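Okay, so here's the structure we're looking at.
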Amino acid sequence: MELTAIKDLMAQFDASSLREFSYKNGTDELVFSKNESSALPKVEAASAPAPVAAPAVAEAPVVETPSPATVSAAPAAVQAEGEEVASPLVGVAYLSPAPDKPAFVSVGDSVKKGQTLMIIEAMKVMNEIPAPHDGIVTEVLVANEDVVEFGQGLVRLK
């Protein structure tokens, strides 16, 4: 299963009211859970015997779990100056227009109102996220290809 397909499933799972989701196709197996961490050892134990399924199962939580923790812990630990620009939708954040192109903005960049800060892909549509006002980027709160939630902080502008 391709990484983009896994990320799409993760975004849809995150937006849904489901508490658990599992998918099995031949040697690929994915298990998503919003339950407490007590469910995670079962998932790891179940995926250990299948050598091909282990990377896919291990990759999904690694992509999903650190992102919210990092984003929520960063503002509490070190509060950067500026106003947080929130995500207007759920999707996958892209910091550059193409993989081989430089990022739209970096920390320290001066931006004008309406300038593209990043792109969020939702349902195969690329949505440009504009700067709400002139300012300087003090912090980028998401990594390239992170799945972002509605209202989640993307960047800080001072």
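The values are calculated or read from the model by the stated rules, or taken from the named source; none is laboratory data. Every value quoted in this text rests on a predicted model; they were computed, and no experiment measured them. Note: ideal-geometry Cβ built from the backbone for every residue, glycine included; neighbour counts use all protein chains shown.
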Exercise for the section: Answer yes or no as to whether ALA54 is modelled with pLDDT under 50, assigned by TED's automatic domain parsing to the domain that holds MET10 and not acidic (Asp, Glu). Expected result: yes
Exercise for the section: Among the candidates GLU36, GLU44, GLU83, GLU20, single out the residue that is at pLDDT 75 or above, over 30 Å from PRO130 (Cα atoms) and more than 18 Å from the chain's Cα centre (by Cα). Expected result: GLU20
Exercise for the section: Have a look at ASP100, ASP109 and point out the one that is charged (D, E, K, R) and surrounded by 14 or more Cβ atoms within 10 Å (Cβ to Cβ). Expected result: ASP109
Completion exercise
Filtering the range 1-24 down to residues that are basic (Lys, Arg) and either closer than 15 Å to GLY91 by Cβ or in the same structural domain as VAL125 (by TED's automatic domain parsing) (or both) yields LYS7
